[in-house]
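Every number here is computed from the coordinates shown, using simple stated rules; none is lab data. Remember, predicted model here, so these are calculated numbers, not experimental data. Reconstructed Cβ throughout: ideal geometry from the backbone, glycine too, with neighbour counts over all protein chains shown.
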Amino acid sequence: MPIFNPLDAYNNGLQGARVDPRADEMLVDLVMRTGGDPDGGRVAYNWGLEGAGKGKLSLLFPYVEQCYPGAFPGPAQLWGDCTVAAAVRGALSSMCVEVVLGKPDEETGLSEEAPQVSDVARKNAVIAQESVFAYRGFSDDGWSCGAAAQTIMEKGFLLRQDYPSLGIDLTKYTDQTIHIGGSKKPSAAFEAESKKHRVRTVTVVSDVDAIGDYIASGFAVVFCHSVKWSSTRNEDGYSPVVPGEWLHSQSIQGWDARPITIKKYGEPLALVLNQWAQWNTGPRRIPGTDTDIPEGSYWTKSSVFKRAKCIAYSSILGWPRKKLPDYGFAGHI
């Protein structure tokens, strides 16, 4: 079997992120039925998130690093399951922000704790993306951002560990584990175990500035897009959009709206985490700090996301604004 190279596959037209208006409608319906709000702008206003990202540097990946050192970027995709690979990384970031800040759940009064996993599981990004992809209902690869978000809300996900009672070991992402489920519906026991870990709600973010507000408030944003980026970062870790197309999904893990950044690039930058392992090259140090962005990630202009499908992932607590530090020029983690 030839070795799967995700960069080559997406360059050659792999449809990892599919457009599915029906799935988007079903996601909106689920969010509303469960007491959430699918309008990201309204959520930002009602929860006081507006303006949270203005003028500063906000980062989510350091919280994942505190909970699970070396978890990002995780293993490279083995086929077109980018929507769930991005979704679980988004969910992990939102969860780790909550864990590190120690906010108690408003329903249970308990503080969320980081689930314990093995070193192998940690290096495989902690959450098993296969456990979400198993619900897509067909055996081919490719899915939509809306369907992935709906599933991670409704069905939940499994952690990377061995599940003897289910007959599967998800400690590591492999060519075998990616074929779990699909056209064959997961068992009732599988679903019951998955539902122990769920994203409380999501919301659709259509305003670019609001993306920065969600990041600065501790919530990762997952997107589907057809844009292609360079595999080379410049001196700031920035990668430009290049000719071509990727039907791809990734997560946003940082936002740089500092005046010095806007002066150079004309607008805020968004930090994109890809799930192709170390697929790109170039400097990773954030200017003015002592912090490196994760391998596999890169900065891009925020205006790129005017044409993307963006979904913000809440933490277990929902949407209360968290006081994340302005990393500014300190670069502390």
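Based on DSSP H assignment, which helices of the chain show an axial Cα extent of at least 20 Å together with a mean Kyte-Doolittle hydropathy greater than or equal to 1.0?
Going by DSSP H runs, the hits are 82-101.
Where the centre of each part is set by its Cα atoms, how far does segment 38-84 sit from segment 220-289, in angstrom?
13 Å
Quick one: which of K185/K228; K54/K301; K123/K264 span more than 26 angstrom between C-alpha atoms?
K185/K228; K123/K264
About its Cα centre, how strong a charge dipole does segment 88-203 have in debye, to the nearest 20, once Lys and Arg get +1 and Asp and Glu get -1 at the Cβ?
180 debye
Using the per-residue mean of other Cβ atoms lying within 10 Å as a proxy for protection, in what order, highest first, do the peptides 167-175, 293-301, 237-245 fall?
293-301, 167-175, 237-245
Lys/Arg Cβ at +1, Asp/Glu Cβ at -1, dipole of the chain taken about the Cα centre: which of F72, S94, A257 is farthest positive-ward?
Toward the positive end, the furthest listed residue is A257.
Which of the peptides 262-270, 138-146 is most tightly packed, and how do the rest follow, judged by the mean count of other Cβ atoms within 10 Å per residue?
138-146, 262-270
When the expected Rg is taken as 2.2 N^0.38 Å, what fraction or multiple of it is the alpha-carbon Rg of the chain?
0.91
In segment 31-165, if every C-alpha pair distance is counted and binned at 5 Å from zero, what percent goes to each bin?
Using 5 Å bins, I get a P(r) of 2, 9, 15, 18, 21, 18, 11, 5, 1, 0, 0 for segment 31-165.
All other residues with a Cβ under 15 Å from the Cβ of I286 taken together, and with Lys, Arg as +1 and Asp, Glu as -1, what is their net charge?
-2
Need one word for segment 199-333: rounded, prolate or oblate. Basis is the Cα gyration tensor (sqrt eigenvalues a ≥ b ≥ c); a/c below 1.5 gives rounded, then a/b vs b/c decides.
The shape class here is oblate.
Rank by packing, highest mean first: peptides 118-129, 204-215, with packing defined as the count of other Cβ atoms within 10 Å averaged across residues.
Ranked by mean Cβ neighbours within 10 Å, highest first: 204-215, 118-129.
Roughly how many debye, to the nearest 20, is the charge dipole of segment 13-313 about its Cα centre, given +1 on each Lys and Arg Cβ, -1 on each Asp and Glu Cβ, and no other charges?
That gives a dipole near 480 debye.
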